[in-house]
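Chemist: Take a look at the following structure, please.
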Amino acid sequence: MATWDSRHRMDPDGTSAAAHPALFRNLCRSSPWKWQSLRFEYWDEPFADAPNPTASLVRAWLRRPGALRLETADGLVLHSTTGINDSRDGLYVSATRKSWLLPPHLVTPVYDDHGLVRRRPEAAYGEPGFGNGRFSAALDPVELAGNAPVPLEFPGSNAVEIREVRQQEHEGRPVLEAVVVPTAAYHPGHPAAPLCLPGRSRIRVDLGTGVCVASQSLEAGSEEYGHWLRIIAVDEYMLDDLFLAQSMSLTDVRQHITWDVPA
């Protein structure tokens, strides 16, 4: 049996149970409870083994819920926002049930025997997006598994068929890799940018975070559809200033301040 630490993260050496489709689905449900901040690099195209050095990428800092900073490889800020100053008045006055849902990390899911999420509770799910919906879907790939196992009487109602599950390494981190085929029950969170197209796709999900770190269509004519994600750090402390377009910090008194005195 695979072993787990106190944060429900798989021991990379515990591989005996890694090749079961149910574990792959449960891993796809687990991202909201595995991390609170993530630093990574993202390519909106697939690669066989490693990113092409000339391919365009974005560097990302993400802190749940909703804080995201994106830069180009040259350090140009593409996007920077945090919800710390957003007014909630309109949301609460609307008095909808969804307005009062708690963030996922404040509610408890049903775990399986290996510490992965078997059944997700109702919560305020949703990851920040950029460019297209595949960016946010990769951060929480629940669309590949659904919120809970399907009834035994209806095995065909799984979102995807899962084949050839095995443990691999991706950018130095252990992952579960599988070939998946979407069924009629597959409903991506962003229909214009699903994690997998019709037919076979290769999917990799990081064991430590539950993030989909790679996807690629295996069908002729669509091999260029997919993404690649390199995780750099997990659960780093991130200040609010990192996500603000203009820093709210006080003046650095160590820097020389010039005074223009009129003649």
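The values are calculated or read from the model by the stated rules, or taken from the named source; none is laboratory data. Please read all numbers here as calculations on a predicted model, not as lab measurements. In this analysis, Cβ positions are derived from the backbone assuming ideal geometry, glycine residues included, and neighbour counts consider all displayed protein chains. For the accessible areas, the whole protein counts, side chains as well, though only heavy atoms, and no ligand, DNA or RNA atoms are used. Shrake-Rupley method; radii C 1.70, N 1.55, O 1.52, S 1.80 Å.
Chemist: From D240, D235, grab the single residue that is open to solvent by 10 Å² or more (accessible area, probe 1.4 Å), more than 30 Å from G115 (Cα to Cα) and in contact (Cβ under 8 Å) with a residue 60 or more places away in the chain. Lay out the reasoning, then the answer.
Modeler: Values: D235 fails: more than 30 Å from G115 (Cα to Cα).
Every option except D240 fails the conditions.
Chemist: Here's a follow-up. Take L229 and tell me if it is in a strand (DSSP E or B), under 25 Å from G66 (Cβ atoms) and open to solvent by less than 10 Å² (accessible area, probe 1.4 Å). Break it down stepwise before answering.
Modeler: Values: in a strand (DSSP E or B): yes; under 25 Å from G66 (Cβ atoms): yes; open to solvent by less than 10 Å² (accessible area, probe 1.4 Å): yes.
So L229 fits the description; yes.
Chemist: Would you point out which residue out of V175, V205, V165, V213 is in contact with a helix residue (DSSP H, G or I) (Cβ under 6 Å, 6 or more places away or on another chain), closer than 28 Å to E71 by Cβ, part of a strand (DSSP E or B) and open to solvent by less than 60 Å² (accessible area, probe 1.4 Å)? Don't jump to the end; show me each part of the working.
Modeler: On the way: V175 fails: in contact with a helix residue (DSSP H, G or I) (Cβ under 6 Å, 6 or more places away or on another chain); V165 fails: closer than 28 Å to E71 by Cβ; V213 fails: in contact with a helix residue (DSSP H, G or I) (Cβ under 6 Å, 6 or more places away or on another chain).
None of the others qualify; the one that does is V205.
Chemist: Still on this structure, please answer the following. For the subset of the range 128-162 comprising residues that are polar (S, T, N, Q) and over 23 Å from W35 (Cα atoms), which member is least open to solvent (accessible area, probe 1.4 Å)?
Modeler: Of all residues in the range 128-162, those polar (S, T, N, Q) come to 132, 136, 147, 157-158.
Those still in the list that are over 23 Å from W35 (Cα atoms) too: 157-158.
Values: S157: 49, N158: 26 Å².
If we take residues in the range 128-162 being polar (S, T, N, Q) and over 23 Å from W35 (Cα atoms), then N158 is least open to solvent (accessible area, probe 1.4 Å).
Chemist: Hey, does the range 35-47 have a residue that's without any contact (Cβ under 8 Å) to a residue 40 or more places away in the chain, part of a loop (DSSP other than H, G, I, E, B) and under 18 Å from S201 (Cβ atoms)? Steps first, answer last, please.
Modeler: Residues of the range 35-47 that are without any contact (Cβ under 8 Å) to a residue 40 or more places away in the chain, as a first pass: none.
So far as the range 35-47 goes, no, none of its residues is without any contact (Cβ under 8 Å) to a residue 40 or more places away in the chain, part of a loop (DSSP other than H, G, I, E, B) and under 18 Å from S201 (Cβ atoms).
Chemist: Quick check: anything in the range 142-155 under 21 Å from W43 (Cβ atoms), in a loop (DSSP other than H, G, I, E, B) and in contact with a Cys (Cβ under 9 Å, 6 or more places away or on another chain)?
Modeler: no
Chemist: For residues that are among the hydrophobic types (A, V, I, L, M, F, W, C) and either under 20 Å from S31 (Cα atoms) or open to solvent by less than 10 Å² (accessible area, probe 1.4 Å) (or both), tally how many sit in the range 190-202.
Modeler: Quick first cut of the range 190-202, residues among the hydrophobic types (A, V, I, L, M, F, W, C) only: 192-193, 195-197.
Those left that are additionally either under 20 Å from S31 (Cα atoms) or open to solvent by less than 10 Å² (accessible area, probe 1.4 Å) (or both): 193, 195-196.
Adding up the residues that qualify gives 3.
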